[in-house]
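*Asks:* This is the structure, below, for whatever I ask next.
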Amino acid sequence: MSNPKRISPHFHEQEFSCACCGQVGDKKRLMILVTKLEQLRSLFNKPIHIISGYRCAKHNKACGGVTKSQHLTCSAADIRIEGVDPSRLAKRAHAVFRAIGIYDSFVHVDTRTIRAFWDHRTPKETKEDVIINEESKSSSEGQLPRPKQKEESTKPVPRRTERKTKSSTTPSK
Ligand SMILES: [Zn+2]
Ligand SMILES: [Zn+2]
């Protein structure tokens, strides 16, 4: 009775159902989406995890989705493939989908015929960037920046003494 309903060789209807009410919306649209997901799956030959498929208006609002989200019509899926970087997944998805959004841990695909692409990954801020920002901040606030000529004069170049201490190199018998 509670058997998941298979709607394509690799996908079940339940995978696309709304997290709050279990509905799937327009089934015709769902099938268009699933057909494309099967195509994408075949490119990797790995299972595609559906993080989010259909969302009813209430759930879409609750999870902060945009008001005209393609998830509302069951035309979109947020997907992930184990061991595949979202950027790699997105690159391959271009062969099947025209509307693609890339996020930190998943890729959004939808069946719109217009081209759309967005990158919502959080920019990687390196430690170096932070240091540079702090330095420029402090120098502009305080006194005049000091000329950077000091370093060379204060650091004495260690002269290598040519003297070789025989006692240390020769092993003691
Ligand atoms: Zn719902
Ligand atoms: Zn999405």
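Laboratory data are not the source of any read-out in this text; all were calculated from the coordinates shown. It should be emphasised that the depicted structure is a prediction, and the values quoted were computed from it without experimental measurement. All Cβ positions, even for glycine, are placed from backbone atoms using ideal geometry, and neighbour counts span all protein chains on display.
*Asks:* Restricting attention to the alpha-carbon atoms of the stretch 6-119, what are Rg (one decimal) and Dmax (integer), both in Å?
*Replies:* 12.8, 35
*Asks:* Once each part is reduced to its C-alpha centroid, what is the distance from the stretch 1-79 to the stretch 84-120 in angstrom?
*Replies:* 15 Å
*Asks:* What are the GluC sites (Glu not before Pro) within the stretch 1-99 that DSSP puts in a loop, where the Cβ has at most 11 other Cβ atoms within 10 Å?
*Replies:* Passing both the DSSP loop test and the Cβ count: Glu82.
*Asks:* Determine ³J(HN,Hα), in whole Hz, for all residues of the stretch 13-20 in sequence, where each value follows from phi through the Karplus function 6.51 cos²θ - 1.76 cosθ + 1.60 and θ = phi - 60°; x replaces Gly and Pro.
*Replies:* Those phi angles translate into 4, 4, 5, 9, 6, 4, 5, 9 Hz.
*Asks:* Right, next: Just rank Ile114, Ile51, fewest to most, by other beta-carbon atoms within 10 angstrom.
*Replies:* Ranked by crowding around the Cβ, least crowded first: Ile114, Ile51.
*Asks:* Would you mind checking Lys27/Lys91; Lys46/Lys124; Lys36/Lys91 for any pair whose Cα atoms are more than 21 angstrom apart?
*Replies:* Lys27/Lys91; Lys46/Lys124
*Asks:* Now for a different question. Between beta-carbons, use under 12 Å as the cut-off and find the net charge around Val107, counting Lys and Arg +1, Asp and Glu -1.
*Replies:* 0
*Asks:* If neighbour count is taken as other Cβ atoms inside 10 Å, put Phe44, Phe11 in order from fewest to most.
*Replies:* Exposure proxy ranking, most exposed first: Phe44, Phe11.
*Asks:* Karplus couplings for the stretch 102-118 from phi (6.51 cos²θ - 1.76 cosθ + 1.60, θ = phi - 60°), rounded to Hz, Gly and Pro as x?
*Replies:* 10, 10, 4, 10, 8, 10, 8, 10, 9, 8, 4, 8, 7, 7, 8, 8, 9
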